[in-house]
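**Q** Let me begin by handing over the structure; questions about it come next.
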Amino acid sequence: MCSISASKDKEVLLKLIELNRYRGEESHSVTTYLHQEDCEEGCDGFHLKTQLKQYGPLNVESLDGEWDYCVVHQQAPTSKEVNNTDLATGRFIHPAQKEKSYLWHNGIIKEGKFEGDWDTEWLFDQTLNESLSEVDGTFACMLNHDNDMFIFRNEISPLFKDGSSFSSTKFEGSEPVIPNKMWKLDYGTGVLEEMWKFETKENPYHFGE
């Protein structure tokens, strides 16, 4: 089990981190962004400031400093390091990275239903190719791509929202993110803009009408 906590409000983020600790603390990451608007072409959006990946429980002092948005991932890994290099570099600590894009994932892709060593890396490819309907497993994710932040989940993985704050565990004032849609986050208003739709490949809890 893993968790995602994200907010532009540090006090809210601290509460979400504590709320989600029970979901796993074997490793964690803290990724901070600066947000810019109305600047030169190509400048608008979320710009990476810092990223920290470590084993063990998160120390909230790592959230210190000036930032506009922060995504925290706390993890009980479903993939195991396969060699000393992976262990040393924390390869399987979220987020997965492709060039300047990052994907945080809570969930697990069924064994034998993905290629490679890490289901999150494979899920990243399916996301960028808009092939999420083919993914057999559970996922609730945040994606930073082309300086924009995106949020999505299928029907069987939790993710809750209040404004620009997100959590894998329900929190006061929050509501579930509507599943099976790729959403783009408006930083200022917290509004989610629908980008495209997908299906949950297999939902064992759905019995139809």
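The values are calculated or read from the model by the stated rules, or taken from the named source; none is laboratory data. Only a predicted model underlies this, so the values are computations on that prediction, with no experimental measurement involved. Using ideal geometry, Cβ is built from the backbone for each residue, glycine included, and neighbour counts are taken over all protein chains shown. SASA here: full protein model, heavy atoms, side chains in, ligands and nucleic acids out. Shrake-Rupley method; radii C 1.70, N 1.55, O 1.52, S 1.80 Å.
**Q** Count, please, the residues in the stretch 89-100 that happen to be open to solvent by 10 Å² or more (accessible area, probe 1.4 Å) and not β-branched (Val, Ile, Thr). Outline the logic, then answer.
**A** To start, the set of residues in the stretch 89-100 that are open to solvent by 10 Å² or more (accessible area, probe 1.4 Å) comprises 89, 91, 97-100.
The next check asks that each one be not β-branched (Val, Ile, Thr); those that pass are 91, 97-100.
Summing the residues that are open to solvent by 10 Å² or more (accessible area, probe 1.4 Å) and not β-branched (Val, Ile, Thr) in the stretch 89-100 gives 5.
**Q** So which residues in the stretch 123-148 are of a type in the set (A, V, I, L, M, F, W, C), in contact with a Lys or Arg (Cβ under 9 Å, 6 or more places away or on another chain) and not in a loop (DSSP other than H, G, I, E, B)?
**A** Scanning the stretch 123-148 gives 124, 128, 132, 140, 141.
**Q** Can you report the number of residues in the stretch 148-196 which are closer than 19 Å to residue 131 by Cβ and touching a His at 6+ places or on another chain (Cβ under 8 Å)? Please lay out each step first, then the result.
**A** Applying the first criterion (closer than 19 Å to residue 131 by Cβ) to the stretch 148-196 yields 150-157, 179-184, 194-196.
Within this subset, residues satisfying the condition of being touching a His at 6+ places or on another chain (Cβ under 8 Å) are 155.
Residues flagged as closer than 19 Å to residue 131 by Cβ and touching a His at 6+ places or on another chain (Cβ under 8 Å) within the stretch 148-196 amount to 1.
**Q** Give 11, 61, 81, 26 a once-over and let me know the one that is more than 28 Å from residue 156 (Cα to Cα) and modelled with pLDDT under 95. Steps first, please.
**A** Working: 11 fails: modelled with pLDDT under 95; 81 fails: more than 28 Å from residue 156 (Cα to Cα); 26 fails: more than 28 Å from residue 156 (Cα to Cα).
Going through 11, 61, 81, 26 in turn, the sole match is 61.
**Q** Hey, can you tell me all the residues within the stretch 144-170 that are in contact with a Cys (Cβ under 9 Å, 6 or more places away or on another chain), surrounded by fewer than 22 Cβ atoms within 10 Å (Cβ to Cβ) and hydroxyl-bearing (Ser, Thr, Tyr)?
**A** Scanning the stretch 144-170 gives a single hit, 157.
**Q** Quick one: would you say residue 58 is closer than 21 Å to residue 161 by Cα and under 17 Å from the mean Cα position of the chain (by Cα)? Can you show your working first?
**A** Values: closer than 21 Å to residue 161 by Cα: no; under 17 Å from the mean Cα position of the chain (by Cα): yes.
Against the criterion (closer than 21 Å to residue 161 by Cα and under 17 Å from the mean Cα position of the chain (by Cα)), residue 58 does not qualify.
**Q** In the stretch 41-64, how many residues are of a type in the set (Val, Ile, Thr) and either touching a residue at least 24 places away in the same chain (Cβ under 8 Å) or in contact with a helix residue (DSSP H, G or I) (Cβ under 6 Å, 6 or more places away or on another chain) (or both)?
**A** Here the count works out to 1.
**Q** Would you mind stating whether residue 120 is assigned to a helix (DSSP H, G or I), within 18 Å of residue 29 (Cβ to Cβ) and within 15 Å of the chain's Cα centre (by Cα)?
**A** Values: assigned to a helix (DSSP H, G or I): yes; within 18 Å of residue 29 (Cβ to Cβ): yes; within 15 Å of the chain's Cα centre (by Cα): yes.
Judged against the criteria, residue 120 is a match.
**Q** Any residue at all in the stretch 33-40 that is over 17 Å from residue 75 (Cα atoms), open to solvent by 70 Å² or more (accessible area, probe 1.4 Å) and touching a residue at least 60 places away in the same chain (Cβ under 8 Å)?
**A** Yes, that holds for at least one residue.
**Q** Tell me yes or no: at least one residue of the stretch 180-203 is open to solvent by 40 Å² or more (accessible area, probe 1.4 Å), charged (D, E, K, R) and touching a Pro at 6+ places or on another chain (Cβ under 8 Å).
**A** The answer is no; no qualifying residue exists.
**Q** Answer yes or no: is there a residue in the stretch 69-76 that is of a type outside the set (A, V, I, L, M, F, W, C), open to solvent by 20 Å² or more (accessible area, probe 1.4 Å) and modelled with pLDDT of 95 or more.
**A** no
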